[in-house]
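The structure under discussion appears below in the form of C-alpha coordinates.
The values are calculated or read from the model by the stated rules, or taken from the named source; none is laboratory data. Bear in mind the structure is a predicted one, so any value in this text is a computation, not a measurement. Cβ: placed from backbone, ideal geometry, glycine included. Neighbour counts: every protein chain shown.
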Amino acid sequence: MHGASEMCQAVRPPGPSRSGQEAREMLIAEKVPLFESEIRRLVAFERAPLEGVIVKDYDDPRSSVAWLGYQQLGQEIMTQAEQGRVSNG
(Lines give C-alpha, C1' and ligand atoms only; values in the text may rest on other atoms or scores of the structure.)
Protein backbone atom coordinates (compact mmCIF):
# COMPACT_ATOMS: atom_id res chain seq x y z
CA MET A 1 0.00 0.00 0.00
CA HIS A 2 1.30 3.42 -0.88
CA GLY A 3 0.58 6.65 0.95
CA ALA A 4 -0.75 9.58 -1.01
CA SER A 5 2.66 11.22 -0.73
CA GLU A 6 4.25 8.21 -2.42
CA MET A 7 2.08 8.44 -5.54
CA CYS A 8 3.27 10.77 -8.29
CA GLN A 9 1.22 12.92 -10.58
CA ALA A 10 2.82 14.03 -13.79
CA VAL A 11 1.92 17.50 -14.97
CA ARG A 12 2.02 17.13 -18.70
CA PRO A 13 3.30 20.01 -20.84
CA PRO A 14 1.24 20.83 -23.92
CA GLY A 15 2.07 19.19 -27.23
CA PRO A 16 4.10 18.78 -29.23
CA SER A 17 6.53 18.47 -26.30
CA ARG A 18 7.24 14.88 -25.31
CA SER A 19 8.92 15.77 -22.04
CA GLY A 20 5.87 14.78 -19.97
CA GLN A 21 5.63 11.38 -21.63
CA GLU A 22 9.37 10.87 -21.32
CA ALA A 23 9.24 11.71 -17.60
CA ARG A 24 6.35 9.29 -17.12
CA GLU A 25 8.24 6.52 -18.93
CA MET A 26 11.31 7.11 -16.76
CA LEU A 27 9.26 6.98 -13.56
CA ILE A 28 7.55 3.78 -14.69
CA ALA A 29 10.94 2.23 -15.47
CA GLU A 30 12.04 3.12 -11.93
CA LYS A 31 8.84 1.52 -10.58
CA VAL A 32 7.60 4.78 -9.05
CA PRO A 33 3.84 4.49 -8.46
CA LEU A 34 1.93 6.90 -10.69
CA PHE A 35 -1.62 8.04 -11.04
CA GLU A 36 -3.08 7.32 -14.46
CA SER A 37 -4.61 10.80 -14.60
CA GLU A 38 -2.61 13.71 -15.90
CA ILE A 39 -3.21 17.41 -15.52
CA ARG A 40 -2.34 19.15 -18.74
CA ARG A 41 -0.39 22.37 -18.33
CA LEU A 42 -2.68 24.89 -20.00
CA VAL A 43 -2.69 28.68 -20.17
CA ALA A 44 -6.06 28.68 -18.39
CA PHE A 45 -4.24 27.78 -15.15
CA GLU A 46 -2.16 30.95 -15.44
CA ARG A 47 -4.95 33.26 -16.51
CA ALA A 48 -7.81 32.17 -14.24
CA PRO A 49 -6.24 33.59 -11.04
CA LEU A 50 -5.59 36.88 -12.82
CA GLU A 51 -9.36 37.09 -13.35
CA GLY A 52 -10.01 36.11 -9.73
CA VAL A 53 -11.59 32.75 -10.56
CA ILE A 54 -10.64 29.10 -10.42
CA VAL A 55 -9.96 27.36 -13.71
CA LYS A 56 -13.41 25.76 -13.97
CA ASP A 57 -15.00 29.24 -13.92
CA TYR A 58 -12.54 30.85 -16.34
CA ASP A 59 -14.12 31.94 -19.63
CA ASP A 60 -12.01 29.96 -22.08
CA PRO A 61 -12.87 26.91 -24.19
CA ARG A 62 -9.94 24.93 -22.78
CA SER A 63 -10.78 25.63 -19.14
CA SER A 64 -13.19 22.69 -19.17
CA VAL A 65 -10.31 20.44 -20.29
CA ALA A 66 -8.17 21.83 -17.47
CA TRP A 67 -10.88 21.24 -14.88
CA LEU A 68 -11.54 17.73 -16.20
CA GLY A 69 -7.96 16.79 -15.30
CA TYR A 70 -8.59 17.70 -11.66
CA GLN A 71 -11.89 15.81 -11.65
CA GLN A 72 -10.27 12.69 -13.06
CA LEU A 73 -7.41 12.83 -10.58
CA GLY A 74 -9.82 13.34 -7.68
CA GLN A 75 -11.91 10.37 -8.80
CA GLU A 76 -8.80 8.23 -9.15
CA ILE A 77 -7.66 9.13 -5.63
CA MET A 78 -11.10 8.33 -4.21
CA THR A 79 -11.24 4.99 -6.05
CA GLN A 80 -7.79 4.00 -4.85
CA ALA A 81 -8.62 5.06 -1.30
CA GLU A 82 -11.77 2.91 -1.38
CA GLN A 83 -9.68 -0.02 -2.59
CA GLY A 84 -7.14 0.58 0.19
CA ARG A 85 -4.38 1.48 -2.27
CA VAL A 86 -3.89 5.01 -0.88
CA SER A 87 -3.53 5.79 2.80
CA ASN A 88 -3.43 9.11 4.57
CA GLY A 89 -0.52 8.27 6.78
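In segment 46-65, the qualifying residues are those that are in a helix (DSSP H, G or I) and touching a Lys or Arg at 6+ places or on another chain (Cβ under 7 Å), and the one that is farthest from Glu36 (Cα to Cα) is Ser63. The set of residues from segment 1-39 being assigned to a loop (DSSP other than H, G, I, E, B), at pLDDT 65 or above and closer than 18 Å to Ile77 by Cβ comprises Val32, Pro33, Phe35, Glu36, Ser37, Glu38. Among residues of segment 69-89 being more than 18 Å from the chain's Cα centre (by Cα) and either touching a residue at least 24 places away in the same chain (Cβ under 8 Å) or assigned to a strand (DSSP E or B) (or both), the one that is surrounded by the fewest Cβ atoms within 10 Å (Cβ to Cβ) is Gly89.
Scanning segment 40-68 for residues that are at pLDDT below 90 and under 11 Å from the mean Cα position of the chain (by Cα) returns Arg40, Arg41, Ala66. A count restricted to segment 45-86 and to residues that are out of contact with any Asp or Glu (no Cβ under 8 Å at 6 or more places or on another chain) and of a type in the set (Gly, Ala, Ser) stands at 6. Of everything in segment 69-80 that is farther than 23 Å from Ser19 by Cα and touching a strand residue (DSSP E or B) at 6+ places or on another chain (Cβ under 8 Å), the residue that is modelled with the highest pLDDT is Ile77.
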